[in-house]
Amino acid sequence: MNNGAKAAIGATAVLILAVGGQLLWLHHERNKPVAVKAPEREVIADDDLVFLKKKRPDNLKEVKELKGSTVWVSAGGQLEFYPFVGHAAQYGKSAGTLLGAEPIVLKDAVEQVAPKSATFRIPGGDKQVLLVFTKPNDTKEYAVPVGYRQDGQYTFYTDEIFFYDDPHELYKHWGPAIWKAVDAHEVILGMNERQVELSLGQVSQSTSKDYGNRMVVFANMGKPMAVTFVKNKVTAFRPDQGF
C-alpha cells in the first residue's frame, strides 16, 4: 500500500471517529434529564389566609341559636342600634352606632315591624329581625337589625356584619400598634385598607377602583377622613375637604 492510500485511510478513520463522537454527544444531550424550573409560588397576603367563619342562617330559629355567644363587629360605623325595653326595640331612640371590632354578647333574636327611618341599611320587609345584645360593662339591653322576613322568607346579613371569632386573634399578625389604632378608631401611617376600614368604618367615596393605590374617604362617624394608600399602605391622611 503506497503512502497516498495510507493517508486516505487514516483521514477516513479520523473522520469516522469525529462523526461518531458527535453522534454520541447529540444522543447524550437529547436524552439527559431536562431541568424544569419550578413555577413561582403566588405570594398570598397574610390577611387573605385568615379563615372567617360563616353561619348562613336560613330562619329565625337558627339566628336564635347565637344566643349566649360573643360576636365582634365587622361592618363598623354602619348600623345604628336601639334600646330594647319592654321586649321591643325603641326605634325612635338611637343608642349609637356599632363600631369596628367591638364585641357584643347576644341575648336573643326578635322580629318587629320597622319604621321606614330604620330601613336604610337593612330592609324592613314584613318584619325586621333584630339581635338583642349587651355591651361589655353595660347591663342594658339593645337591639340591632340584622335581617328581615318577607312573605315568609328570611334574609340575614349576620355573616357580613359580624366576626364570629375575635378579630384580634384572627388578625394577630397586625401587631399591637395597628390594633391600638383600630380599637381607638384612628388611622396611622402604614395601615392597609382593611385595617383602616375596620377602624374608621364605611367607605364613602374613592378616587379609583385600584385597591391599595388610591385616595379613599371614610365616613368616620360623620367626621370624614381622606386617606391615601400606596402599595396598600397609608402614606397620608387628613380630614376630608373634598377631592
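The values are calculated or read from the model by the stated rules, or taken from the named source; none is laboratory data. Please read all numbers here as calculations on a predicted model, not as lab measurements. We place every Cβ from the backbone using ideal geometry, glycine too, and count neighbours over all the protein chains shown.
When the range 89-98 is limited to residues that are assigned to a strand (DSSP E or B) and free of Cβ contacts under 8 Å to residues at least 60 places away in the same chain, the one that is nearest to Gln195 (Cα to Cα) turns out to be Gly96. Within the range 198-243, the set of residues being part of a loop (DSSP other than H, G, I, E, B), closer than 23 Å to Thr97 by Cα and not hydrophobic (A, V, I, L, M, F, W, C) comprises Gly201, Gln202, Lys223, Pro224, Asp240. Residues that are without any contact (Cβ under 8 Å) to a residue 24 or more places away in the chain and surrounded by 17 or more Cβ atoms within 10 Å (Cβ to Cβ) within the range 180-191 comprise just one, Ala181. Is it the case, given these coordinates, that His27 is out of contact with any strand residue (DSSP E or B) (no Cβ under 7 Å at 6 or more places or on another chain), at pLDDT 50 or above, within 17 Å of Gln128 (Cβ to Cβ) and not acidic (Asp, Glu)? Criteria not met by His27.
For the residues Val227, Val234, Val196, Val216, the requirement of being closer than 30 Å to Ser69 by Cβ and β-branched (Val, Ile, Thr) singles out Val196. The set of residues in the range 150-170 being more than 16 Å from Leu79 (Cβ to Cβ), in a strand (DSSP E or B) and touching a residue at least 40 places away in the same chain (Cβ under 8 Å) consists of Tyr154 alone. Per the conditions (1) outside any strand (DSSP E or B); (2) buried (at least 17 other Cβ atoms within 10 Å of the Cβ), the sole criterion not satisfied by Phe81 is (1).
Only one entry in Val227, Val234 is surrounded by 18 or more Cβ atoms within 10 Å (Cβ to Cβ), closer than 26 Å to Glu80 by Cα and not assigned by TED's automatic domain parsing to the domain that holds Ala75, namely Val227. Pairs linking a residue in the range 192-205 that is under 18 Å from Val230 (Cβ atoms) to a residue that is among the hydroxyl-bearing types (Ser, Thr, Tyr), with Cβ atoms under 9 Å and 6 or more positions apart or on different chains, are Glu193/Tyr211; Arg194/Tyr171; Gln195/Tyr171.
Across the range 124-147, the qualifying residues are those that are in a strand (DSSP E or B) and modelled with pLDDT under 95, and the one among them that is farthest from the chain's Cα centre (by Cα) is Thr139. Based on what the data block shows, is Val196 over 15 Å from the mean Cα position of the chain (by Cα), modelled with pLDDT of 95 or more and of a type in the set (A, V, I, L, M, F, W, C)? For Val196, the condition - over 15 Å from the mean Cα position of the chain (by Cα), modelled with pLDDT of 95 or more and of a type in the set (A, V, I, L, M, F, W, C) - is not met. Between Gly86, Gly68, Gly76, the distinction of being surrounded by 21 or more Cβ atoms within 10 Å (Cβ to Cβ) and either closer than 15 Å to Leu130 by Cβ or in contact (Cβ under 8 Å) with a residue 12 or more places away in the chain (or both) belongs to Gly76 only.
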